[in-house]
Amino acid sequence: IWEVGDDVTDALGIVKYEPDFSHMNSGMGGKVQGNKLGLATNFYLYSIYDISEGKYLDAEYLRDAADGLQIPLVPILMWNEAEFPSTVDEWVEYATRKSVLNPERWAEGVVVRPMVDTYEHLLGNHLSFKVINNLWLLEEK
């Protein structure tokens with residue numbers, strides 16, 4: 001986690017937030033987790049946490065931040081879609097796919113998050129879940 005200061009805030013054009021951000025990146029490639037996708041080493045922006053507000057930035061701000069920081073954003077498969085899977089079986093089917101970063105390899109799965117950060121009281125955290133690709137899982141064994 002890196003802390004980001006005023007200069008980056010100005011470059012992003014985010015004036016609503018104080019410059020107290022930390023961003024989380026997903027490292028891929030090289031020796032990271034055995035490099036199962038066969039990628040060159042890179043970091044992909046996954047989320048940004050506004051420390052002073054105590055919440056994660058919404059998807060629109062995250063996309064703008066990736067552009068402003070010139071850090072690639074993790075692949076987004078659905079953006080503000082009207083329809084999306086609604087059952088566990090539909091999500092598992094949706095997650096059973098090849099990677100968009102390397103179509104010759106199975107994707108590990110998909111992470112599902114709302115466009116607007118949502119606190120889930122039952123989870124005690126912001127709403128987010130991961131659906132594992134069963135074919136990737138079988139290949140791992």
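Would you mind finding the one in 120, 139 that is at pLDDT below 85, more than 25 Å from residue 20 (Cα to Cα) and more than 16 Å from the chain's Cα centre (by Cα)?
Of 120, 139, the one residue that is at pLDDT below 85, more than 25 Å from residue 20 (Cα to Cα) and more than 16 Å from the chain's Cα centre (by Cα) is 139.
Show the residue pairs that are 6+ apart or on different chains and have beta-carbon atoms under 6 Å apart, the first residue being within the stretch 63-75 and closer than 20 Å to residue 100 by Cα, the second being open to solvent by 50 Å² or more (accessible area, probe 1.4 Å).
74/46; 75/100
Sort out for me the helices (runs of 4 or more DSSP H) sitting completely within the stretch 49-141 that have 3 or more residues that are surrounded by 15 or more Cβ atoms within 10 Å (Cβ to Cβ) and not hydroxyl-bearing (Ser, Thr, Tyr).
In the stretch 49-141, 59-69, 88-95 are the helices (runs of 4 or more DSSP H) which contain 3 or more residues that are surrounded by 15 or more Cβ atoms within 10 Å (Cβ to Cβ) and not hydroxyl-bearing (Ser, Thr, Tyr).
The values are calculated or read from the model by the stated rules, or taken from the named source; none is laboratory data. What you are looking at is a predicted structure, and each value in this text was computed from that prediction instead of being measured. Cβ atoms come from the backbone with ideal geometry, glycine included; neighbour counts cover every protein chain shown. With ligands, DNA and RNA removed, areas are computed over all heavy atoms of the protein, side chains included. Shrake-Rupley method; radii C 1.70, N 1.55, O 1.52, S 1.80 Å.
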